[in-house]
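Single-structure report; data block below.
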2 protein chains.
Amino acid sequence: MSEATAVKCDDSRINMKLIGPFIDATVNVLKTMAGINPTPQSPHVKTTHEAYGDITAIIGMAGDNVKGSFAVSFTEPCILKIMSNMLGEKIESLTGDVSDGVGEITNIITGGAKAQLAEEGYVIGMAIPTVISGKSHNVEHVTDQPVIVVPFETESGPFFIEVSLIV
Amino acid sequence: MSEATAVKCDDSRINMKLIGPFIDATVNVLKTMAGINPTPQSPHVKTTHEAYGDITAIIGMAGDNVKGSFAVSFTEPCILKIMSNMLGEKIESLTGDVSDGVGEITNIITGGAKAQLAEEGYVIGMAIPTVISGKSHNVEHVTDQPVIVVPFETESGPFFIEVSLIV
């Protein structure tokens, strides 16, 4: 069963056919790569420009019938736990290795979502990820479309994904 | 004559056929939209993850034979001058309007470069731009390829473009 089918969403502005593949891929990738089991919360439309985490990866998407951007934003304790699990050693600060890891995780999540979206007829080309770190950075997707945020809970604190797709 | 042909570059890692269109488009867009005349400096390979400016727009690119990302990073005095010129009123701080403006400028520069690259046989799809603001944010393009930085001088201080393209 898809992870996304268990998520409750009443907001008619949110197209779960587009968002669901990113929720599924996020859970699957973190389970497989880091042995953690994140729990997706209800998606909502983003209302401010504030990023939620301390380190954010962004990847652009462009295709014949869809374009947009996908971001994953981790709080520091959460990404340190994920990276420690992935690398098999205790990671205690946001080093360059953590940035590379966040970029790689984002690449793989997007690749997973891309495969699932292709089955729905949306063909996406992926750009290369960019990673932003620094306390209190703001991230704004420049689009008239609603940006959808999905929070995830983990034992080491929350993280968030943001999806902005124009179809 | 192309703006980029006037720029000196001895570094064999830098493919001016790919970088030149972004230099040309940057100068043309800022001349046309904001009435300022930026002077491109020598391109170089980025060696740190530090962003150079106070506000940065990033746009992903994905196509059949090329993918990557393009970033424009403005120092605060420089973008305030540009936005004041564009909007016809004095802009004194990095508001949401400035973020939207930086995203729009980046969109238009990328569109210009895209047209020029198409003549070279590189067909690029553009994602939507993302704007990051906040003092001391780091921007890292997650790629094994060199990221090329081109600084520009203006009367109101410098700004920088970064191009990372995999062909």
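The values are calculated or read from the model by the stated rules, or taken from the named source; none is laboratory data. All of these numbers come straight from a predicted model, not from anything done at the bench. Virtual Cβ from ideal backbone geometry, glycine too; neighbours counted across all protein chains shown. What goes into the accessible areas is simple: the full protein's heavy atoms, side chains included, and nothing from ligands, DNA or RNA. Shrake-Rupley method; radii C 1.70, N 1.55, O 1.52, S 1.80 Å.
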**Asked** Which distances, in nm and shortest first, link the A:HIS44 label point to the same label point in every other copy, taking 7 Å along Cα→Cβ?
**Response** 4.6
**Asked** If you count, for each residue, the other Cβ atoms within 10 Å and average over each peptide, how do A:31-39, A:148-156, A:70-78 line up from highest to lowest?
**Response** A:70-78, A:148-156, A:31-39
**Asked** Along the charge dipole of the protein assembly as shown, Cβ charges K/R +1 and D/E -1, which of B:PHE159, A:ALA6, B:ASN138 sits furthest on the positive end?
**Response** A:ALA6
**Prompt:** For the pair A and B, how large is the buried accessible area, both sides, in square angstrom to the nearest 100, if the probe is 1.4 Å?
**Reply:** 2300 Å²
**Complete:** Violations at 23 Å Cα threshold for listed pairs B:LYS31/B:LYS67; B:LYS17/B:LYS81; A:LYS8/A:LYS81; B:LYS46/B:LYS135; A:LYS90/B:LYS67; A:LYS46/B:LYS90 -> B:LYS31/B:LYS67; B:LYS17/B:LYS81; A:LYS8/A:LYS81; A:LYS90/B:LYS67; A:LYS46/B:LYS90
**Request:** From zero up to wherever the largest Cα-Cα distance of the protein assembly as shown sits, split into 20 Å bins and tell me the percent of pairs in each.
**Result:** 33, 57, 10
**Prompt:** Taking R0 as 41 Å, what's the FRET efficiency between A:ALA118 and B:THR47 from their Cβ-Cβ distance, rounded to 0.05?
**Reply:** 0.60
**Item:** Residue order for B:GLU3, A:GLU92, A:GLU140, B:GLU120 - accessible surface, 1.4 angstrom probe, largest first
**Value:** A:GLU92, B:GLU120, B:GLU3, A:GLU140
**Prompt:** Tell me, what is the FRET efficiency for A:ASP11 and A:ASN85 to the nearest 0.05, using R0 = 41 angstrom and their Cβ-Cβ distance as r?
**Reply:** 0.80
**Message:** For the rotation taking chain B to chain A, which residue of B has the Cβ nearest the axis, and how many Å away is it?
**Reply:** B:GLY60, 1
**Item:** Nm distances between copies for A:ASP11, ranked from closest, using label points 7 Å along Cα→Cβ
**Value:** 4.2
**Fill in**
Averaged over residues of A:142-154, the number of beta carbons from other chains lying within 10 Å of each residue's Cβ is 2
**Message:** Going 7 Å from Cα along the Cα-Cβ axis for the label, what nanometre distances separate B:GLU153 from the same residue across the other copies?
**Reply:** 5.8
**Fill in**
Quarter of the surface of the C-alpha convex hull for chain B, i.e. direction-averaged projected area in nm², equals 9.0 nm²
**Request:** Place a +1 charge on the Cβ of each Lys and Arg in the protein assembly as shown and a -1 charge on the Cβ of each Asp and Glu, then give the dipole magnitude about the Cα centre in debye, rounded to the nearest 20.
**Result:** 240 debye
**Request:** Any chance you could check the stretch A:108-136 for residues losing 20 Å² or more of accessible area when the partner protein chains are in, compared with the chain on its own (1.4 Å probe)?
**Result:** A:MET126, A:ALA127, A:ILE128, A:PRO129, A:THR130, A:VAL131, A:ILE132, A:SER133
**Prompt:** Over all residues in A:55-61, what is the mean tally of Cβ atoms on other chains that come within 10 Å of each residue's Cβ?
**Reply:** 6
